[in-house]
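Here is the structure we will look at, set down as structure tokens.
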Amino acid sequence: MPTESELVQRATQRDAQAFGELYQRYLKQIYRYIFYRVGNATEAEDLTEQTFLKAWEAIGRFREQGVPFIAWLYRLAHNLVIDYRRTRHQAVSLETACDTMDQAVSSEELAAVRLDVAALQQAIARLTPEQQQVIILRFVQGLSHGDVAVIMGKNEGAIRGLQHRALESLHALLDRND
Amino acid sequence: MSSFDEILSECLNDIEAGQATIEECLRRYPEQAEALRPLLQTAAALRALPPIEPSAAFQAAAPTRLANLIASRRQPSARLGAALVFGQMRRRRASLVLRVAAVVVLASCLLAGTAYAARESLPDSPLYPVKLTVERVQVATTPNDARRARVFVGVMDQRTHETAVMLRNSNLKQARQTNQSYVRTLSEAAAIVEHVPANRPENRMLLLYMRDRLLAQQATYQRALSSTPEQVRPLIQSTLGQIQKTLDRINSQLAADKSLLVPSAVPYGVIS
């Protein structure tokens, strides 16, 4: 199986098959990231496609230089979500999202938080874009502080501070909903 | 970065790695426990979110859609290139637009005629690539998963017929190719219907329609099997196995929702 680096190298030479393999590898991660940011499955699918389309258009300009391909994809996805928000000027719709989810918070430790998934998503949608990024990348995608720092173009210390503020804001929003 | 940020990060990492529970972390830092607790609980709730995945239908259709999007993005630059060849674009914009429009209309008419002629073409015909292109365009331009599944079923009908004819004509190479294409399309259609809940009338209609067509295709393949040379026989048998597997799945989906087997207004006892 070719390594990511080999695939990226071939894709930068406009090798559609190599790009297709990268697409298969990262489709779900990018979709999940966008889904939690826009809160709507249809919009998430559309924006996921656009992310890969942008990636294909710009792949010739991609240079690794310490930034993994997936980090570059997350940045493209982030920019598209920001554009989407600017053009839509409307609140995030969550009805479709809620249809697909079930209550996953069940342990005793979590019972006190009394969260439901929809409330959590609505709260995430009300964070600042940077806070949303750190929350989704760290806790939904399960990335390390270091990986999040690379993706967001910040140092790890800044990510830890941002993580703290994001969790505080999220908790406050959830508390208010209760 | 404050020391609280560090403590929070340490606790989050330890909990994520399974090296500590929330309560253990709070006991480790009693002075910060009050501030830490809600943050750690919120993080735990986030980590407990169910994994979200794009729908199977999206995943199945996405590569084709992306390929079409990429292709459609190429067209503007190609048109721009053609326009630049015509030259003097700014000065003659209006006439150029008219010329391009005329060319597009003419090309569309020619293509429509060719596409019509290609409908019944077989793999050994020069028009066969046009038929495949028309099918790809149909799939790509069908906006709805249920309708797309029906388009796939139509394509499968075509591939079944073509495989049978190619086998009859002992054209084994093309029989293999059309059969391969059939199996690919079958898996795309199956990916769509796999997650279709049968408790909606329109979905149930789709499942019944697909079952009908699959049974007809199965019968054609079975008939073809008798005249299939030994070296291609395993391929056809494997295809028959996949058809049967899809049929079994559709049947179990239909059986899972019994509410629609009997119209709700009719008492159950009336129907035998």
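The values are calculated or read from the model by the stated rules, or taken from the named source; none is laboratory data. Please read these numbers as outputs of a predicted model, since none were measured by experiment. Backbone-built Cβ (ideal geometry, glycine too); neighbour counts: all protein chains shown. Areas reflect the complete protein model, heavy atoms only, side chains present, ligands, DNA and RNA absent. Shrake-Rupley method; radii C 1.70, N 1.55, O 1.52, S 1.80 Å.
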Set the Förster radius R0 to 41 Å, insert the Cβ-Cβ distance between residue B:120 and residue A:17 as r into 1/(1 + (r/R0)^6), and round the FRET efficiency to 0.05. 0.80
Heavy-atom SASA rank of B:195, A:164 (probe 1.4 Å, accessible area, largest first): B:195, A:164
Name all residues of the stretch B:42-56 having a backbone nitrogen under 20 Å from the label point set 7 Å from the Cα of residue B:19 along its Cα→Cβ direction, giving them as ranges. B:43-44, B:47
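What is the mean number of Cβ atoms from other protein chains located within 10 Å of the Cβ atom of each residue in peptide B:169-181, rounded to a whole number?
Numbers: counts 0, 0, 0, 0, 0, 0, 0, 0, 0, 0, 0, 0, 0.
That works out to 0 on average.
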Could you give the length gained by full extension between residue B:29 and residue B:202, i.e. 0.36 nm per residue of separation minus their alpha carbon distance, to one decimal place? 56.4 nm
Summarise the partner chain shielding of B:5-18 as one whole number: the mean count of Cβ atoms from other chains within 10 Å of each residue's Cβ. 3
Check each residue of the stretch A:48-77 and keep those whose accessible area, probe 1.4 Å, is at least 20 Å² smaller with all protein chains in place than in the chain alone; give them in order of residue number. A:49, A:53, A:56, A:57
Globularity ratio of the stretch B:1-48, using Cα Rg and 2.2 N^0.38 Å: 1.02
Between residue B:69 and residue B:168, what length comes free when the chain is fully extended (0.36 nm per residue of separation minus the Cα-Cα distance, one decimal in nm)? 31.8 nm
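When Cβ neighbours within 10 Å are restricted to other protein chains, what is their mean count per residue of peptide A:160-167? Display every interim value, and only then the final one.
Working: counts 9, 6, 1, 6, 11, 1, 3, 10.
Across the residues of A:160-167, the mean count of other-chain Cβ atoms within 10 Å is 6.
How would you classify the stretch B:134-249 from its alpha-carbon gyration tensor, with a ≥ b ≥ c the square roots of the eigenvalues: rounded for a/c under 1.5, else prolate if a/b is greater than b/c, otherwise oblate? Mind showing how you got there, number by number?
Numbers: a/c = 2.59, a/b = 1.70, b/c = 1.53.
Taking the square roots of the gyration eigenvalues as a ≥ b ≥ c, the stretch B:134-249 is prolate.
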Between chains B and A, what is the buried accessible area summed over both chains (1.4 Å probe, protein heavy atoms, nearest 100 Å²)? 3700 Å²
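Could you sort the peptides A:13-20, B:185-192 by per-residue average Cβ neighbour count (10 Å cutoff), highest mean leading? Don't jump to the answer; show the numbers that get you there.
Values: A:13-20: 14.2, B:185-192: 20.9.
Packing proxy ranking, top to bottom: B:185-192, A:13-20.
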Going out from 0 in 5 Å bins, what whole percent of all Cα-Cα distances in the stretch B:169-230 drops into each bin? 4, 15, 20, 22, 14, 10, 8, 5, 2
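Could you work out the Kirkwood radius for the stretch A:1-90, taking every pair of different alpha carbons, averaging 1/r and inverting it, reported in Å? Numbers along the way, then the final one.
Numbers: mean 1/r = 0.0746 Å⁻¹.
13.4 Å is the Kirkwood radius here.
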Just the accessible area for residue A:8, please: 1.4 Å probe, Å², rounded to the nearest 10? 0 Å²
